[in-house]
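Here, each number is a calculation from the coordinates, and none is a lab measurement. Source: prediction; values computed, not measured. Cβ coordinates were reconstructed from backbone atoms using ideal geometry, including for glycine residues, and neighbour counts include every protein chain displayed.
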Amino acid sequence: MTNSNSIQKKKALKFYKKFESIWENNLSSDHPYLAIIYDHLGSLYNDLNEKKKALELYEKCKNISEKVLNSDHPDLATIYSNLGNVYKDLNEKKKALELYEKCKNISEKVLNSDHPNLASIYNNLGIIYKDLNEKKKALELYEKCKNISEKV
C-alpha cells in the first residue's frame, strides 16, 4: 500500500470511528447501522494489515447481521467471505473453510449459476482445500471457477 493510500485510509478510519462512537451511544446494540460501520472499519483495518482488529469488527458485523437479516441474505454471504479472507490470512484454514462454505451456500441460492461472484467463491474454496491437501475437492472447485470465468 502506498504511503498516501495508507494516510487516506487512516483518515477514513478516524471518520468511521467517530460514527461508531456516535452510533454505539445512540442506537441499540444490534442496529443494522452498527453492522455497516463495523464492516467498513473491518475493511479499513484489514487494508492496514491489522488482521486481529479487522477480525474483531467483522465478527461484530456478523453477529448483528445474523440477527437482523434472513439466513440467505446476500449481505451475509459477503460478510462470511470477508471473515473467511481474514481467517485465511491468519492461517486459520478450517475456520476460513467454514465461512467460505456458508458464503457459497447462500450465493448458490441467490445468484445465477454463472455469476462472477461464484467464480471467486469457488476459487477461494479451492485454495483452502488445496492448502488442506484435499486436492480432488480443490480441482472440482477450480473447474467450476474456470467454467464460469470462460462465460463472462
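So what is the relative contact order for the chain, in percent, with contacts set as C-alpha pairs under 8 Å and at least six apart? Answer for the chain is 15 percent. Against the chain, whose longest principal axis comes from its Cα atoms, helix 3-26 is set at around 70 degrees. For the stretch 121-136, the residues whose backbone nitrogen is under 18 Å from a point 7 Å from the Cα of residue 69, taken along Cα to Cβ, are 121-122. At 7 Å along the Cα-to-beta-carbon direction for both residue 131 and residue 3, put a label point, then send me their distance in nm to one decimal. Going by the 7 Å Cα→Cβ label model, 3.2 nm.
With a threshold of 19 Å on the Cα-Cα distance, the over-threshold entries among 17/52; 51/146; 88/146; 109/144; 18/62 are 51/146; 88/146; 18/62. For a paramagnetic label modelled on residue 49 (point 7 Å from Cα along Cα→Cβ), amide N atoms under 20 Å away belong, within the stretch 13-35, to 13-14. Rounded to the nearest 500, the helix-only mean residue ellipticity at 222 nm of the chain stands at -28000 deg cm²/dmol, with each DSSP H run of n ≥ 4 adding -39,500 (n - 2.57).
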